[in-house]
Every structure is written in structure tokens, then in C-alpha cells.
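Everything on this sheet refers to the single structure shown next.
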Amino acid sequence: RQGIGEPSVYHAVVVIFLEFFAWGLLTTPMLTVLHQTFPQHTFLMNGLIHGVKGLLSFLSAPLIGALSDVWGRKSFLLLTVFFTCAPIPLMKISPWWYFAVISMSGVFAVTFSVIFAYVADITQEHERSTAYGLVSATFAASLVTSPAIGAYLSQAYGDTLVVVLASGVALLDIGFILLAVPESLPEEMRPVSWGAPISWEQADPFASLRKVGQDSTVLLICITVFLSYLPEAGQYSSFFLYLRQVIGFSSETVAAFIGVVGILSILAQTVVLGILMRSIGNKNTILLGLGFQILQLAWYGFGSQPWMMWAAGAVAAMSSITFPAISAMVSRNADPDQQGVVQGMITGIRGLCNGLGPALYGFVFYLFHVELNEMAEVETLGKASKPNMANPTDESSIIPGPPFLFGACSVLLSLLVALFIPEHNLVLRSGGHKKHSAGAQAHPHSPPAGGSDGKEPLLEDSSV
């Protein structure tokens, strides 16, 4: 077996940390290059670029996951990390090619899917949630540390050094996968034939979404996830640019903001989430998280002063408990043979939001004429002057961030839907009952039920 030692969660953790550390370093230079490349309709172009990338990732993730079941995880880790990081050196070589390659890299920008499959190969079921939590915490840690380092180096030595350093970190990640990461999927666990096993059902990105309407409780959960994650995905794509250009944050302040909110989010998802789950219950924790998200988005939408952004950022950290609480509700109440398919539905909906959210935010910024002037003006003029506004007398002077208010309305609808989710005796369990009582109808659904759990469904398909 190639690599160093036996496959472990720590191999996966290093791969994720290096990839997102490299991209985190580029937070400040990327905002500069984006504005210089698209001085007109910057927010719209930013949303379209990330929207295309997200939709391509959503469409390709099931196929890449299914292929990794056949050809192994290591080769697809190498493929996804290489193409995800390929645009980095182009930032200084050719900005137009940089943004074009970012959009197209969405086809392979599914490292998390392969990493979770890698972790599933080497962990027992009772260990898996802890292992996934470690991977997610590592992802958060990389984004907490790297933007501050990138902002400091950019200020002291220029953007070119930051791009070179990020390219070096990406190459280090690729080298680590080549030399140190062992294959997690043994040869004997793969199908004998490489041509037969991949079915359209496995490669179809909409397969999990079509199952949503089959269960009323699952439908409520998925609608809640869609309405709450759509604004979150859009916010993530444009918020740092918004802070930099509209609110007037310096690059160092943006980096500090990311770090503080990231640390508070980690605390919220570890310490606070556990306390809330024990004290007020699973469903009430979800509702509280959605309430914090509404407050955060409304504050971002109406806020025009830096201190308002900091206060809303602290609220944003508390709103990060929503999705872990939803995942816990599903895993706690679903039968083992139903859990995989429901988690797969939720993941599919989040992937769809990663494509739709950025495009929606960019379009709303465009509709409300929130444009950017020269960056030099933003640097020299006072923060209160709002040089970014196309016309200070129009509605943008009253509502600096219109998309955030749209997001708040979306999350409010999500909260209303979540009120109807039953906390106990979820219908997911009756799904198991249906399977026993109406076996002929349930059998066709049993292979997808474990679809996200690894290799068994693939082996079942290949034996048919």
C-alpha cells in the first residue's frame, strides 16, 4: 500500500487543512483582483462566478463519488485538490483566466465528498460523526488562521508573495497526497469490473432530491435546510467583498473579523450546542439557531457602521448551530438503513444552494445598484462617506445590503416551516415500518438508502 502508515482520519485532516489554508491566504488579494477585473457590476460577476462553480460541483459530486468507489479514493483526492487549486497561480498571470478556471473547476471542487468517503472507509459507524466533526473543525481552523496571515503578508510584502505562498501550499498538499496518503479502499472491496458498476442512479445529482417528497417529515427538514442555507451560501461568496468595499473595512480588519467569528463559531458548535441540546431539546435548538440567523442577516442588511458588523458577526457565530442540530435530529431519529439516504438529500440540497445562493446575491446587489468605485477612493475616504454607493440618495443609502434582508425573509420562512417538524417519532422511522409492511414497494429504494455510506450499494449494483 502506497503512502505512510495505515490510512487514518489524520491523513484526511491534513489534506483539507492545506487546501483551504491555501485559499484562505488569498482572501485579501482575491478581493483586489476581483474589483480590478470587473470594475462594473463587481457583485454580480462575483455571484455568477461562484454560482457556476457551485452548480457544477452539485452536478458532478455524485459521479465523482461513485467513480471513487471503483477506482479508489487516493486518485480522486489528487484530482479534486489539483483542479480546485489550479486557479491559484493564474491570479497574477492572467486574472481573466483565473476567474474562468475558478468557474470550470467546480466540476472537480468536491474534495469534501471524497474526504468523507475516505473517512467512512476507515471508521466504524459509531466513530464516524466524531471523525466528520474533526474534519469540519479542521476546515474551520484553516479559514480562521489563513486570512489574517495573508492580509499581513499582503500589506507588508505585496500580493505577489501571497499568491506564490498559496501556490506553494497547494503544491505541498498535492505532494502530500502523492507520497503520504495511503489508499483507504482495499482492492478486494472494489467491483471486479470497472465498466459495469456505475449506474445513472448513482451519478444522477437529482436522485436524492426526487426522494424528498416521499416523506412529509423529510420534506419539512429539506425545505428548512434549503431556505436557511440559500442565504448562507450567498453570503459566504460576497460578504468579505461587501465588508471591504461597502462598509470600509481594511484588509487586516476583514482578516480579524474572519478569525474572531470563526473562533466563536467553533465554540458555539462545540460547547454551546451541547448545552442547548441537553437543556432545551433538539427542535428548540434548531429554532433558536434560525432566530439568530434572522437577526444576523437583518443586522447585516441595515447595518452601515463597522461596530454593527462586529455585533452581527457574534450573532452569526451563534446561528452556526442550526445545521449541526438538524443533522443530529436526523441521525438520532432515523433508522440505520434510512439515515444515509436522508443525509444524502440534505447534502444534495446544500450543494444546490452553493450554486443558487451566490448567483442570487449577486443579482440582488445588481438590482439595487450597489456598485463599487475605485478601490483607492475607498481607502482614502472616510468610512461614513460610503463612496461605494452609485447614488447616495437612492434606496441603497437606507438599506446598504439588500440581499441580506432577502436572506432574512428566507430564513423567516424556514423558521415557520421548522415549527411543524415533529421532534419525536419522526416519520423516518415509519419509513422502516413501510419497508416491512409493504416489502415489494420498499425493495427498490433499499440500495439508495445506504448510498452515501460507502461501497456496499455499489457492490450490490454490480452483482445485479
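The values are calculated or read from the model by the stated rules, or taken from the named source; none is laboratory data. Quantities reported herein were computed from a predicted structural model and do not represent experimental measurements. As a convention, Cβ positions derive from the backbone with ideal geometry for all residues, glycine included, and neighbour counts pool all protein chains shown. Please note that ligands, DNA and RNA were not included when accessible areas were found on the heavy atoms of the full protein model with its side chains. Shrake-Rupley method; radii C 1.70, N 1.55, O 1.52, S 1.80 Å.
Quick notes
- Among the criteria (1) touching a Gly at 6+ places or on another chain (Cβ under 6 Å); (2) closer than 30 Å to Leu178 by Cβ; (3) of a type outside the set (Val, Ile, Thr); (4) at pLDDT 85 or above, the one Gly51 does not fulfil is (2).
- The set of residues from region 119-171 being in a helix (DSSP H, G or I), modelled with pLDDT under 85 and of a type in the set (S, T, N, Q) comprises Ser129, Thr130, Ser136, Thr138, Ser142, Thr145, Gln155.
- Filter pass, Met345 being modelled with pLDDT of 70 or more, more than 16 Å from the chain's Cα centre (by Cα) and open to solvent by less than 20 Å² (accessible area, probe 1.4 Å): no
- Residue within region 99-109 that is buried (at least 22 other Cβ atoms within 10 Å of the Cβ) and either out of contact with any Ser or Thr (no Cβ under 8 Å at 6 or more places or on another chain) or of a type in the set (Val, Ile, Thr) (or both) present: no
Listed here are the residues, each with its yes/no results for (1) touching a Pro at 6+ places or on another chain (Cβ under 8 Å); (2) surrounded by 19 or more Cβ atoms within 10 Å (Cβ to Cβ); (3) outside any loop (DSSP other than H, G, I, E, B); (4) not assigned by the TED database to the domain that holds Pro89.
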| site | (1), (2), (3), (4) |
| --- | --- |
| Gly3 | yes, no, no, no |
| Pro7 | yes, yes, no, no |
| Val13 | no, yes, yes, no |
| Thr28 | yes, yes, yes, no |
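- For region 348-381, a residue qualifies if it is in a helix (DSSP H, G or I), more than 25 Å from the chain's Cα centre (by Cα), of a type outside the set (Asp, Glu) and at pLDDT below 80, and the qualifying residues are Met375, Ala376, Val378, Thr380.
A quick yes/no check of all residues on (1) touching a residue at least 60 places away in the same chain (Cβ under 8 Å); (2) outside the structural domain of Ile266 (by the TED database); (3) among the hydrophobic types (A, V, I, L, M, F, W, C); (4) open to solvent by 50 Å² or more (accessible area, probe 1.4 Å):
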residue: Gly54; (1), (2), (3), (4): yes, yes, no, no
residue: Ala61; (1), (2), (3), (4): yes, yes, yes, no
residue: Gly72; (1), (2), (3), (4): yes, yes, no, no
residue: Phe82; (1), (2), (3), (4): yes, yes, yes, yes
residue: Trp97; (1), (2), (3), (4): no, yes, yes, yes
residue: Val114; (1), (2), (3), (4): no, yes, yes, no
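- Qualifying positions in region 247-258 - surrounded by fewer than 18 Cβ atoms within 10 Å (Cβ to Cβ) and assigned to a helix (DSSP H, G or I): Glu252, Thr253, Ala256
- Qualifying residue in region 272-283 (condition: open to solvent by less than 20 Å² (accessible area, probe 1.4 Å), over 17 Å from Gly133 (Cβ atoms) and either at pLDDT 85 or above or not assigned by the TED database to the domain that holds Gly351 (or both)): no
- Residues within region 287-314 that are of a type outside the set (S, T, N, Q) and farther than 22 Å from Gln245 by Cα, tallied: 8
- Flag if Ala166 is surrounded by 14 or more Cβ atoms within 10 Å (Cβ to Cβ) and over 28 Å from Gln2 (Cβ atoms): no
- Check on Glu232, open to solvent by less than 60 Å² (accessible area, probe 1.4 Å), modelled with pLDDT of 70 or more, closer than 29 Å to Tyr10 by Cα and of a type in the set (Asp, Glu): no
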